[in-house]
Amino acid sequence: MLNMKNVKIIVSFSGGKDSQACLIKAVKDYGAENVEAVFCDTGWEHPITYEHIKYVTDNLSVKLTILKNNKVNGFEDLCIRMQCFPVASRRACTSELKIKPMIDYILTLDNSCLIIQGIRAKESKARSEMPVECSYFKEYFDEGVSGQYRKRDVKKWCEKHDASVIRPIFNWTAQEVIDYILENKQDVNPLYKKGSSRVGCYPCIMSRQSEIKNLSKDEEMVKRLINLEKKVNESGDKKYACFFQKGYIPERFCKTYKDGCPTVQEVINYVNRNEVGMETLFDENYSCMSLYHGLCE
């Protein structure tokens, strides 16, 4: 094993398959005693994900550090304060509940760190353009870029320390990630077996309709989502705030509000319609609803 006395090995761990594969690989590469799993808790994860995070870190015997934004009490509080929900182009949930807590944590360290991220090129075009290795604080030193979080503190910290990023599964496919986890005798997050393609935040604002159909069978999750939408709209006098963006379902199914913004209940109703062309992935006679091979064998 490498001598990592002066470098802290951090794996950004969300409970999803990609970060799980990275955590397993990091333990094999550097030794469990030198690896720390860091989980940024949004407060909006599925109970299964919280259980899975503990299962994985206990199984690998690695230290688990849970980070939260000390100024915002999770996703629900963030949405209520904003009086709206995040959208794909402005993901305040990511910046406030994941990025800022991680930066705060790094700045408490008195040594350099290696941050391992489970980012894959095939996830999106934007991610495919990311480097395999880089400095975590690279943008803080790019000319013409302003407004970064705690910029002065970051630059001072970087005078003595370094925060490097590596993405060891950057060129892997999703199926290769699943296979790697199974080959190393671990289970993946059970939500994948129930049809989820992503498990971080439940549900995510960018969830597929098939995933919402899956969620609709869980009364507690539906109730939580409907209640949050209600709370956000009771917090101010702005235009109706929708968890799902306009256009998520055809406007003719959005009858509560005239602007075509769907309520959670309207989305639930829509994804459970038995129309021609609707997905049948979640028919009750399927023993496994996973999108990946080998999970239910």
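The values are calculated or read from the model by the stated rules, or taken from the named source; none is laboratory data. None of the values given here were measured: they were computed from a predicted structure. Here the Cβ is made from the backbone with ideal geometry for all residues, glycine too, and neighbour counts use every protein chain on show. Note: accessible area is taken over every heavy atom of the protein model, side chains too, but ligands, DNA and RNA are not part of it. Shrake-Rupley method; radii C 1.70, N 1.55, O 1.52, S 1.80 Å.
Summary of values
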{"quantity": "Residue within the stretch 145-159 that is in contact with a strand residue (DSSP E or B) (Cβ under 9 Å, 6 or more places away or on another chain) and within 27 Å of Ile53 (Cα to Cα) present", "calculated": "no"}
{"quantity": "Within the stretch 104-119, considering residues that are open to solvent by less than 50 Å² (accessible area, probe 1.4 Å) and in a loop (DSSP other than H, G, I, E, B), the one modelled with the lowest pLDDT", "calculated": "Asn111"}
{"quantity": "Test set (1) over 15 Å from Lys8 (Cβ atoms); (2) over 16 Å from the mean Cα position of the chain (by Cα); (3) among the charged types (D, E, K, R) - Lys100 fails condition number", "calculated": "(2)"}
{"quantity": "Residues of the stretch 202-251 that turn out to be free of Cβ contacts under 8 Å to residues at least 60 places away in the same chain, open to solvent by 40 Å² or more (accessible area, probe 1.4 Å) and of a type in the set (Ser, Thr, Tyr), as a count", "calculated": "2"}
{"quantity": "Residue identified as of a type in the set (A, V, I, L, M, F, W, C), in contact with a Phe, Trp or Tyr (Cβ under 7 Å, 6 or more places away or on another chain) and touching a residue at least 40 places away in the same chain (Cβ under 8 Å) among Cys79, Cys84, Cys40", "calculated": "Cys79"}
{"quantity": "Out of Lys122, Lys54, sole residue that is part of a helix (DSSP H, G or I), basic (Lys, Arg) and touching a strand residue (DSSP E or B) at 6+ places or on another chain (Cβ under 8 Å)", "calculated": "Lys54"}
{"quantity": "Lone unmet requirement of (1) assigned to a loop (DSSP other than H, G, I, E, B); (2) crowded, with 19+ Cβ neighbours inside 10 Å; (3) of a type outside the set (Ser, Thr, Tyr); (4) at pLDDT below 95 for Val188", "calculated": "(4)"}
{"quantity": "Condition broken by Glu129, with the remaining ones in (1) of a type outside the set (S, T, N, Q); (2) surrounded by 12 or more Cβ atoms within 10 Å (Cβ to Cβ); (3) at negative phi; (4) over 18 Å from the mean Cα position of the chain (by Cα) satisfied", "calculated": "(2)"}
{"quantity": "Scope the stretch 57-75; condition open to solvent by less than 50 Å² (accessible area, probe 1.4 Å) and either assigned to a helix (DSSP H, G or I) or over 28 Å from Lys8 (Cβ atoms) (or both); matching residues", "calculated": "Thr57, Leu60, Gly74, Phe75"}
{"quantity": "Qualifying residues in the stretch 142-185 (those that are touching an Asp or Glu at 6+ places or on another chain (Cβ under 8 Å), of a type outside the set (Lys, Arg) and farther than 30 Å from Thr57 by Cα) - the one least open to solvent (accessible area, probe 1.4 Å)", "calculated": "Gln148"}
{"quantity": "Given (1) modelled with pLDDT of 95 or more; (2) in a helix (DSSP H, G or I); (3) closer than 21 Å to Leu97 by Cα, index of the condition Asp179 fails", "calculated": "(3)"}
